[in-house]
Amino acid sequence: MVKKGKLVIIFAVVGLVVGAFIGYVYRPPAFLVGQLPFDVVITRGGSLQGFEQIYLQVARTSFNYLVAGGVIGAALGIAGGIFLSKRGNER
């Protein structure tokens, strides 16, 4: 049986990963090229050079979507883990 604290941590990590993935999938598209690739998003556009730098703001916004999704997912995972661990105590 998994301890209560470990259950909350597991749910938090799973929520973080799922939330970050959802944030990445729903990131905004860039003009003419669509959604930017992962390496551009994760570096916040640090790998963009020359004319590509017009996509710098989109890269930063996409990174913010990824982080916000991860934070929201982790918060929901923590809440779910706490709820389930308390529910297990009542039995």
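The values are calculated or read from the model by the stated rules, or taken from the named source; none is laboratory data. Quantities reported herein were computed from a predicted structural model and do not represent experimental measurements. Cβ coordinates were reconstructed from backbone atoms using ideal geometry, including for glycine residues, and neighbour counts include every protein chain displayed. When the accessible area is computed, the model is the full protein with side chains, heavy atoms only, and any ligands, DNA or RNA have been set aside. Shrake-Rupley method; radii C 1.70, N 1.55, O 1.52, S 1.80 Å.
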Solution diffusion estimate, µm²/s, Stokes-Einstein, the chain, Kirkwood Rh from C-alpha pairs, 25 °C, viscosity 0.890 mPa s: 170
For K6, solvent-accessible area (1.4 Å; no DNA, RNA or ligand), Å²: 130
Nitroxide proxy distance, nm - points 7 Å out along Cα→Cβ at K3 and Y26: 3.5
Global form of segment 39-91, assessed from the alpha-carbon gyration tensor, a/c cut-off 1.5: prolate
With every protein chain in place, the chain: carbon and sulfur % of accessible area (1.4 Å): 70
Cα-centre dipole for the chain with unit charges at Cβ (Lys and Arg positive, Asp and Glu negative), debye to 20: 600
Accessible area expressed per residue, segment 21-91, with surrounding protein chains retained (probe 1.4 Å, Å²): 68
Per-residue ³J(HN,Hα) for segment 4-15, Karplus 6.51 cos²θ - 1.76 cosθ + 1.60, θ = phi - 60°, Hz, x for Gly and Pro: 4, x, 5, 4, 5, 5, 4, 5, 5, 5, 4, x
